[in-house]
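Take a look at the structure set out below.
The values are calculated or read from the model by the stated rules, or taken from the named source; none is laboratory data. Here the structure is a predicted model, which means the values were calculated and not measured. Quick reminder, even Gly has a Cβ in these numbers, built from the backbone with ideal geometry, and neighbours come from all protein chains shown. With ligands, DNA and RNA removed, areas are computed over all heavy atoms of the protein, side chains included. Shrake-Rupley method; radii C 1.70, N 1.55, O 1.52, S 1.80 Å.
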Amino acid sequence: MGMTMTQKILAAHTDMESVAAGQLLLAELDCVLGNDITSPVAIHAFESLGKKQIFDRDKVVMVMDHFTPNKDIKAAEQCRVCRDFCREQSVTHFYDVGKMGIEHALLPEQGLVTAGDLVIGADSHTCTYGALGAFSTGVGSTDMACGMAAGKAWFKVPAAIKVELRGQLRRYVSGKDVILHLIGKIGVDGALYRSLEFTGEGMHTLSMSDRLCIANMAIEAGAKNGIFAVDDVTLDYLQSHGAAEPRVYEADPDAEYEQVIEIDLSEIEPTVAFPHLPENVKTFDEIKKIPVNQVVIGSCTNGRLEDLRVAAEIMAGRKCADGVRVIVIPATQQIYLDAMAEGLLKIFIESGAVVSTPTCGPCLGGHMGILAKGERAIATTNRNFVGRMGHPESEVYLASPATAAASALTGWITSPWEVMTS
């Protein structure tokens, strides 16, 4: 039996010629990632192992993005542990205030991941890098510690689900709508410990931003990883960002999939995930007039330049609704600079929004946009669990940048098609 793309990457990082679903294996790592919340735990675990030196100072990456700039004393102490460790270990890729960005936007931008890589990160959305043709997955802080020490990690080879994409997205419909549609179709455990492998002629019409968004939320369907077949879009992106030489793996024609899901991109509509699960999706033929108190445009899911461009296009020359707090967060410093050079930040500020330094802040209820009891937010983030963005009696609705921007203007959850055709 042939192997899937994911299985080929895993096999290539061992001394085995082939692997099969369910097999346990120890694989070499190309990158170990942590942030300011998960890394301190990993650092303490690393030290408890009696290790003095990380396996490769070029392959360990730490990004201070969740509670930075430090929001309180505890956050400051967390970051100090990381700063001291990275200085002592001469970690090449340490990103702090002024250099940092939201980790899963920053690593692709900096060319730190390439096709064929095997990446673990102490953050569940590490699956983002599957958009680049890499196997990447989230792990716990203890696994991160062992990865930093040995440069290896244990894996159970996942079975796979193939997602065949055809057609092309309509205007103001994006990768966020695609992945919400898919999660709504299979549920938050529909791909539990499976590899979601995206392919098909429709895949080639998706931008890298769309792919990164879709791979980012594979975990919200329970997947071990999400991964896209490598094409010219992938290779052009990797080359333009200075990534290492790609190692391209293709699924065998006789690769085994537990399920094949077909999605016609031309039929996808603006989609919203209602509280309190990403699977609770609705399109606008089902949505009543729901007022919102806050709009967040940003995160590792949708804080890229393409996301800001579409939001600015909708908000240009218009004002945010009275009583709605609109927070825009470029995902990296470079995206911030590019958005400023293009005049996007001016559009946001003139519309009545606030623009933040790169941070995960509001996505996890950390800072820069906490909800009070009874408040609602529509956000381009990836989770809407109970209390995710603040008070346990608040509500988070997940949507694309286009839908979030349209909602910012009206004060209730609104389709971008409604705003741009009125």
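Okay, here's what the table says:
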{"item": "Looking only at region 242-276, and only at residues there that are open to solvent by less than 50 Å² (accessible area, probe 1.4 Å) and in a strand (DSSP E or B), the one that is farthest from Leu206 (Cα to Cα)", "result": "Ala255"}
{"item": "Subset of region 325-353 [open to solvent by 60 Å² or more (accessible area, probe 1.4 Å) and among the polar types (S, T, N, Q)]", "result": "Gln333, Gln334"}
{"item": "Residues satisfying the stated conditions in region 195-206, i.e. part of a helix (DSSP H, G or I) and under 16 Å from the mean Cα position of the chain (by Cα)", "result": "none"}
{"item": "Test: Thr68 is part of a loop (DSSP other than H, G, I, E, B), surrounded by 21 or more Cβ atoms within 10 Å (Cβ to Cβ) and among the polar types (S, T, N, Q)", "result": "yes"}
{"item": "Region 366-377: number of residues that are within 14 Å of Ile329 (Cα to Cα) and hydrophobic (A, V, I, L, M, F, W, C)", "result": "1"}
{"item": "Given (1) within 24 Å of Glu220 (Cα to Cα); (2) out of contact with any strand residue (DSSP E or B) (no Cβ under 7 Å at 6 or more places or on another chain); (3) charged (D, E, K, R), number of the condition Asp65 does not satisfy", "result": "(2)"}
{"item": "First in region 299-310 and under 15 Å from Cys363 (Cβ atoms) and touching a residue at least 12 places away in the same chain (Cβ under 8 Å), second anywhere and among the acidic types (Asp, Glu) and surrounded by fewer than 24 Cβ atoms within 10 Å (Cβ to Cβ), Cβ under 8 Å, 6 or more apart", "result": "none"}
{"item": "Test result for Val188, in contact (Cβ under 8 Å) with a residue 24 or more places away in the chain, of a type in the set (A, V, I, L, M, F, W, C) and under 30 Å from Leu49 (Cα atoms)", "result": "no"}
{"item": "Failed item, numbered, when Glu28 is tested on (1) among the acidic types (Asp, Glu); (2) without any contact (Cβ under 8 Å) to a residue 60 or more places away in the chain; (3) more than 29 Å from Gly365 (Cα to Cα)", "result": "(2)"}
{"item": "Restricting region 24-38 to residues that are in contact with a Leu (Cβ under 9 Å, 6 or more places away or on another chain) and surrounded by 16 or more Cβ atoms within 10 Å (Cβ to Cβ), the residue that is nearest to Glu103 (Cα to Cα)", "result": "Leu33"}
{"item": "Test: residue in region 402-419 that is open to solvent by 50 Å² or more (accessible area, probe 1.4 Å), in contact (Cβ under 8 Å) with a residue 24 or more places away in the chain, part of a loop (DSSP other than H, G, I, E, B) and not small (Gly, Ala, Ser)", "result": "no"}
{"item": "Top-ranked residue of region 207-240 - restricted to ones that are closer than 16 Å to Ser400 by Cα and either basic (Lys, Arg) or not in a helix (DSSP H, G or I) (or both), ranked as most open to solvent (accessible area, probe 1.4 Å)", "result": "Ser207"}
{"item": "Cβ pairs under 6 Å, 6+ apart, first in region 98-116 and in contact (Cβ under 8 Å) with a residue 24 or more places away in the chain, second outside any loop (DSSP other than H, G, I, E, B) and among the acidic types (Asp, Glu)", "result": "none"}
{"item": "Helices (runs of 4 or more DSSP H) enclosed by region 97-193 - at least 2 residues per element that are buried (at least 19 other Cβ atoms within 10 Å of the Cβ) and within 15 Å of the chain's Cα centre (by Cα)", "result": "103-109, 175-186"}
{"item": "Some residue of region 285-296 being open to solvent by 70 Å² or more (accessible area, probe 1.4 Å), of a type outside the set (Asp, Glu) and part of a loop (DSSP other than H, G, I, E, B)", "result": "yes"}
{"item": "Region 46-64, residues that are open to solvent by less than 40 Å² (accessible area, probe 1.4 Å) and either without any contact (Cβ under 8 Å) to a residue 24 or more places away in the chain or part of a strand (DSSP E or B) (or both)", "result": "Val60, Val61, Met62, Val63"}
